[in-house]
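Some notes on the structure that comes next.
Each reported figure results from applying straightforward, stated rules to the coordinates on display, with no laboratory input. What you are looking at is a predicted structure, and each value in this text was computed from that prediction instead of being measured. FYI the Cβ positions are ideal-geometry reconstructions off the backbone, even for glycines, and counts take in every protein chain you see.
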Amino acid sequence: MYADLHLHSTYSDGTDTPGKLLALARENGVSVIAIADHDAVGGVESLGDLQAIPDVRVIPAIELSCIANRKLLHVLGYYIDARNPEFEAFIARMARDKTENTRVIFEHARAKGVFDYPWERVAALNPDQARLSGVHVVKAMDEDGYAVPGMTTRALFRKYFLPSGEGFIETDCASGRDAIDVIKAAGGIPVIAHPKSVEDDEKVLELLDYGAQGLEVYHPSHTPEETKKYLAIAAERGLYVTGGSDWHGGNNRPEVTRFAVTGLASPDYAILSARNAFA
Ligand SMILES: [Zn+2]
Ligand SMILES: [Zn+2]
């Protein structure tokens, strides 16, 4: 695969450092990568001057992670200027909102007697995270060797911290429109991530009408038919086509059987990168 434009690092909920992601790209012959951490740019920034990196081109990116009607509504931003003040303030707020959402769900489950584990440990065992999610709850419990009565920590994650889980509680979150606006304000290209997860094509089309400029057509969760459908929408509207594996290292979903399992071929990347002087 030529490009994998959807990787997560230890700066959000992935288990590989940015340096490890670079090494994986080299090992797998991937020429271009984008570290698109949830509501965080620290992973990209930790690499310093991106244009000085040998062998692999890294494009600055982010995945703004909204939830709407208990569905994942994620917006990727490519070629963003992460130092844009409006953008910085926005991701700081998103990180706070996400941590608060995690804490509310956590305390609700704890009050119900699902587990007896202190929130303080979650924060203490994830000291470098601006944004705490269910993944970080599980990581803390596992590190402490804490066993949730009657279920695995994985099952706890699915039941309480995934928006589809019965114990999930939706709290304040930025909207898809806000995410599109702020990516544009930071000079980036807003792309609807894994549009399947929105579970509402009308909503996807509405966000495209509003100003999203691309669709993540190639994603491990998409069936061949869905890939075809999104490709047709992108062609009809003249949108950027993107793709990636949504790599989370040790937290990978089962479909992600190898690095860059889905991604972008060279001609599609050329169209995307032509838009930017950085290319
Ligand atoms: Zn996502
Ligand atoms: Zn992702």
With runs of 4+ DSSP H residues as the only contributors, calculate the mean residue ellipticity of the chain at 222 nm using -39,500 (n - 2.57) per run, divided by the residue total and rounded to the nearest 500. -11500 deg cm²/dmol
Karplus-derived 3J(HN,Hα) from phi for segment 189-194 (6.51 cos²θ - 1.76 cosθ + 1.60, θ = phi - 60°), whole Hz, x at Gly and Pro, runs 9, x, 10, 6, 6, 4
Relative counts (whole %) of C-alpha pair distances in segment 38-197, using bins that are 10 Å wide: 10, 35, 31, 19, 4, 0
Tell me the angle of helix 224-237 to the major Cα principal axis of the chain, expressed in degrees between 0 and 90 and rounded to the nearest ten. 50 degrees
Cα-centred dipole magnitude for segment 128-168, charges only on beta-carbon of K, R (+1) and D, E (-1), debye, nearest 20: 180 debye
Over 21 Å between Cα atoms: which of Lys98/Lys159; Lys203/Lys229; Lys196/Lys228; Lys159/Lys228; Lys98/Lys229; Lys20/Lys228 fall into that group? Lys159/Lys228; Lys98/Lys229; Lys20/Lys228
Exposure proxy check: Leu207, Leu21, Leu162, Leu47 ranked by fewest other beta carbons within 10 Å? Leu162, Leu47, Leu207, Leu21
Expressed as an acute angle from 0 to 90° and rounded to the nearest 10, what is the orientation of the C-alpha long axis of helix 201-210 relative to the principal long axis of the chain? 60 degrees
Stokes-Einstein at 25 °C, 0.890 mPa s, Kirkwood radius from Cα pairs: D for segment 1-110 in µm² s⁻¹? 165 µm²/s
In the calculated pair distance distribution of the chain, what percentage of Cα-Cα distances lie above 29 Å? 30 percent
Orientation-averaged projected area, Cα convex hull of segment 98-161 (nm²): 3.7 nm²
Let's see if you can work this out: charge +1 on each Lys and Arg Cβ, -1 on each Asp and Glu Cβ, no other charges. What is the dipole magnitude of the chain about its Cα centre, in debye to the nearest 20? 300 debye
Report, by chain and number, residues whose modeled amide H sits under 5 Å from the one on Thr17, excluding near sequence neighbours (fewer than 5 apart, same chain). Thr10
Compute the helix-to-body angle for 18-27: its Cα long axis versus the longest principal axis of the chain, expressed 0 to 90° and rounded to tens. 50 degrees
Give the range of the longest stretch in the chain that excludes all trypsin sites (Lys or Arg not before Pro) found in loop regions by DSSP and having at most 10 other beta-carbon atoms within 10 Å. 113-279
Loop only per DSSP, at most 11 neighbouring Cβ atoms within 10 Å: give me the GluC sites (Glu not before Pro) in segment 124-206, ordered by residue number. Glu166
